[in-house]
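Reviewing the structure listed below.
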Amino acid sequence: MRSSSRSALIIFFSLILALSPTLPLQAEEGTIVDGAGFSLFNTESIKGFDEEKVERDPVCDLSKRPKIAKVEPDDVKPGDKVVISGENFGTKECFHTVTFSASPEATVNYKFVNDSTIEATVPDAKAGMSFLIIVAGGGSAQSKPLLIHSK
């Protein structure tokens, strides 16, 4: 669209908004209010907040990107346990998941130990090189490759 056409449209819509009647403050049952996209009847408003819920919600530090320093052992087979060491894994509530690139769809059983240690069980994966990926509150991190042997 050319600049002059865009300017004309902006002026046109500005005039429509300026000349249109104001919206009613209250709608009758079943009334559709322009711009609302749905009926306002029986729509519950947002009321306050639950202080106890706010206290229980975790505060995740999104500014600290996780880093994987090492995975031990780095020569494994499905069912083996590995220890992931690094930093900025966050808290148990803010840590999301562990995956292996050789089996991205598989659910990985893991145990959050602390901000710098996770224990995980290698899932059924095809043999070969694989990366271990973690996702924490501050983002994701990928390990150096590890070798997965067949069962």
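No lab work stands behind these numbers, since they all come straight from the coordinates. These numbers come from a predicted model, not from an experiment. Here the Cβ positions follow ideal geometry from the backbone for every residue, glycine too, while neighbour counts run over all protein chains shown.
Here are some notes:
- For the listed residue pairs Lys67/Lys92; Lys67/Lys126; Lys67/Lys151; Lys81/Lys151; Lys77/Lys126; Lys111/Lys144, the alpha carbons are over 18 angstrom apart in Lys67/Lys126; Lys67/Lys151; Lys111/Lys144.
- Region 96-105 - phi-based ³J(HN,Hα) in whole Hz, Karplus 6.51/-1.76/1.60, Gly and Pro as x: 9, 6, 10, 9, 10, 5, 6, 8, x, 7
- Sequence-distant residues sharing a close amide H with Asp80 (under 5 Å, placed H): Val122
- Burial order of peptide ranges 101-110, 126-135 (average beta-carbon count within 10 Å, highest first): 126-135, 101-110
- Rounded to whole numbers, the Karplus 3J(HN,Hα) couplings from phi for region 130-147 are 9, 9, 9, 10, 10, 10, 10, x, x, x, 10, 9, 10, 7, 5, x, 10, 9 Hz, using 6.51 cos²θ - 1.76 cosθ + 1.60 with θ = phi - 60°, and x at Gly and Pro.
- For region 62-146, taking the reciprocal of the average inverse distance between every pair of different Cα atoms yields a Kirkwood hydrodynamic radius of 12.5 Å.
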